[in-house]
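K.L.:
This structure is in structure tokens; I'll ask about it shortly.
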Amino acid sequence: MSDGTKIEWADASWNPIRGCSRASPGCEHCCAERFAARGLPGYAGLTRGGRWTGEVRLDEHTLEQPLRWRRPRRVVVCSMSDLFYERVPDEWIDRVWAMMMRAHHHVYCVLTKRAARMRTWSARLPPAAARHVWLGVTVEDQMRARMRIPDLIATPAAVHWVSAEPLLGPLDLSSYSPGLDWIVVGGETGPRARPCREAWLRGVVWPAKVARVACYLTQMGGYPDRRADPSGWMGYLRVREYPGARV
């Protein structure tokens, strides 16, 4: 992907790894899978019948992209895949991480559904290797929060963050607040978007405010709660906060 991104809280997307597979209910309507199926350059053969095949590739040219960006950016890493996907060799992760260390004038936001592997792989890194890396996990529901957040918090990072997007049900993150720096939350968008309830968003945003955890609400989703006040919820619920990095 080139400089720039449709991810509203970031400045750029960087995709040196291509390909993935579905891991949990949040992947059901994966936009990356959908875009790859449309024949994006470099993604041919990575989907079949509209779904990931499980094949992964390392793009050597894209790998060096952060070095060509001179202005500091907030960069989403592997928005079209998962850096810690089980079929991605350790050697590829090593090379991606090494590039993040070389182009250290950027902030890198890494999001994974494979929190256990992230924790295991990161255990050998010195703390300084994560000074400008924000590590996060997707938690679309309470079960995924229990499965992934403990591994996230145990992994060294400048910022520990959670993406509750797409939010697919009620989610209580209050017990994890002491270990979190940032929460991004929003409903599902795109074709066949599943419902997102205003009460679910409230249940994430307000506890975050009480705990003083930065929160960024993206949108209610493509299938809004018809019981919500369409003219009012934006005004009292919308927040766009960023974390302060911890060293």
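The values are calculated or read from the model by the stated rules, or taken from the named source; none is laboratory data. Just so we're clear, the structure is a prediction, and the values are computed from it rather than from any experiment. Methodologically, a virtual Cβ is constructed for each residue, glycine included, from the backbone with ideal geometry; neighbour enumeration extends over all protein chains shown.
K.L.:
For SER174, are the conditions met, namely being more than 19 Å from the chain's Cα centre (by Cα), surrounded by fewer than 18 Cβ atoms within 10 Å (Cβ to Cβ) and at pLDDT 95 or above?
P.N.:
yes
K.L.:
Going by the conditions given, is ARG71 without any contact (Cβ under 8 Å) to a residue 24 or more places away in the chain and in a loop (DSSP other than H, G, I, E, B)?
P.N.:
The answer is yes for ARG71.
K.L.:
Can you tell me how many residues in the range 20-51 are in a loop (DSSP other than H, G, I, E, B), buried (at least 17 other Cβ atoms within 10 Å of the Cβ) and hydrophobic (A, V, I, L, M, F, W, C)?
P.N.:
Total satisfying the criteria: 3.
K.L.:
What residue, among those in the range 1-18 that are part of a loop (DSSP other than H, G, I, E, B), modelled with pLDDT of 85 or more and of a type in the set (D, E, K, R), is surrounded by the most Cβ atoms within 10 Å (Cβ to Cβ)?
P.N.:
ASP11
Residue-wise test of (1) within 24 Å of CYS196 (Cβ to Cβ); (2) touching a helix residue (DSSP H, G or I) at 6+ places or on another chain (Cβ under 7 Å).
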residue	(1), (2)
ALA32	yes, no
GLY42	no, no
GLU55	no, no
LEU63	no, yes
VAL75	no, yes
